[in-house]
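Working notes for the structure below.
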Amino acid sequence: MEELVALVEHPRIIGIGESGLDYFYDKSPREVQREGFRRHIRAARAAGLPLAIHARQADEDILAILAEERATGGDFDFLLHCFSSGRALAEQAVAMGGYVSFSGILTFPKSAEIREIARDLPEGRLLLETDSPYLAPAPLRGKRCEPAYVAHTAKVLAEVRGLTQARVEEITTANFFRLFRKAA
Ligand SMILES: [Zn+2]
């Protein structure tokens, strides 16, 4: 953790992550994942940088660790990256001051529930991301994702929120710079 906090002093490092729990791929023992996640939270808090959180089929443990770390060590900034979890995780993350970031998954036909969550969250907590080179949005799904493709995800977010795409771009850009203060 100390090494990480020292490394992120570099002027071009604006956040820490991604870190979290992946019970879908389960590539490491879950207790090891949880310990790594806790250390990254503590590093993000100590460094005063936002943590990008990866959550896959681990909603309950993500929430439990977020709540526990806040209770024992205090607040820290974070975003749920590439959101594909349940509504409770999104809402409780927002209640803890977190942001929710949507990738190309938002545009997929099967993602009706994700779109409903994106429609209902507070405007000030929405982010967009590419997850490039993965998860190219419709209609480019299956291609190698490029940063420019995020415009397609922005278009869908605009549709579900009943906003113009330009307004969504303003909102998500402002949110980004509020969260990633060091990038401003
Ligand atoms: Zn991830």
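A dipole drawn for segment 44-184 from +1 and -1 charges on Cβ atoms has a positive end, and of Leu163, Asn175, Ala148 the residue lying farthest that way is Ala148. Give the angle, between 0 and 90 degrees and rounded to the nearest 10, that separates the Cα long axis of helix 30-47 from the longest principal axis of the Cα atoms of the chain. Its long axis makes an angle of about 90 degrees.
Under a Gaussian network description of the chain, with springs only between Cα atoms under 10 Å, the residue in Leu121, Leu140, Leu63 that fluctuates furthest is Leu140.
Projecting the Cα atoms of Gly20, Pro133, Gly48 onto the charge dipole of the chain (Cβ charges, centred on the Cα centre) puts Pro133 farthest toward the positive pole. To the nearest ten degrees, helix 150-161 and the longest principal axis of the Cα atoms of the chain are 80 degrees apart. About the centre of its Cα atoms, the chain shows a dipole size close to 460 debye [charges on the beta carbon of Lys, Arg (+1) and Asp, Glu (-1) only; nearest 20 debye].
Calculated on the alpha-carbon coordinates, the convex hull of the chain measures out at 118 cubic angstrom per residue. Listed by chain and number, the lysines whose C-alpha is less than 20 Å from the C-alpha of Lys110, apart from same-chain residues fewer than 8 away, are Lys143, Lys155.
With respect to the chain, whose longest principal axis is taken over its alpha-carbon atoms, helix 165-179 is tilted by about 10°.
Read-outs: derived from the displayed coordinates by stated rules, not from any lab. These figures come from a predicted structure and were not determined experimentally. Cβ coordinates were reconstructed from backbone atoms using ideal geometry, including for glycine residues, and neighbour counts include every protein chain displayed.
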